[in-house]
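In what follows, a single structure is set out as structure tokens and then discussed.
Please treat every number below as a calculation from the coordinates, not as lab data. Source: prediction; values computed, not measured. Methodologically, a virtual Cβ is constructed for each residue, glycine included, from the backbone with ideal geometry; neighbour enumeration extends over all protein chains shown.
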Amino acid sequence: MLHNKLAVYRAEKSWTQQQLADQVGVSRQTIASLEKNKYNPSLILGFKIANIFNKNLTEIFEYEEE
């Protein structure tokens, strides 16, 4: 399962889900689904998000075997 700290990093910037979505080119619903761990991002989207926050991919997304 893929877990993420997306909501934490977004809150640190005081960004809404819509603001983040606009920056990475997806819908607000996609960001909401990511934050609830209901959707796994493509590798490209993962890197876009990591770059927006100036973090490594593994600082935001963590894979855990079930």
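Matching residues to (1) over 10 Å from the mean Cα position of the chain (by Cα); (2) crowded, with 17+ Cβ neighbours inside 10 Å; (3) free of Cβ contacts under 8 Å to residues at least 24 places away in the same chain:
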{"residue": "M1", "(1), (2), (3)": "yes, no, no"}
{"residue": "L6", "(1), (2), (3)": "no, yes, no"}
{"residue": "W15", "(1), (2), (3)": "yes, yes, yes"}
{"residue": "S27", "(1), (2), (3)": "yes, no, yes"}
{"residue": "L43", "(1), (2), (3)": "yes, no, yes"}
| task | Answer yes if at least one residue in region 13-23 is in contact with a Pro (Cβ under 9 Å, 6 or more places away or on another chain) and of a type outside the set (F, W, Y), and no otherwise. | result | no
| task | Residue by residue through region 18-50, note down the ones that are in contact with a Leu (Cβ under 9 Å, 6 or more places away or on another chain), assigned to a helix (DSSP H, G or I) and polar (S, T, N, Q). | result | T30
| field | Scope region 22-46; condition among the polar types (S, T, N, Q) and under 16 Å from L2 (Cβ atoms); matching residues | value | T30, S33, N37, N40, S42
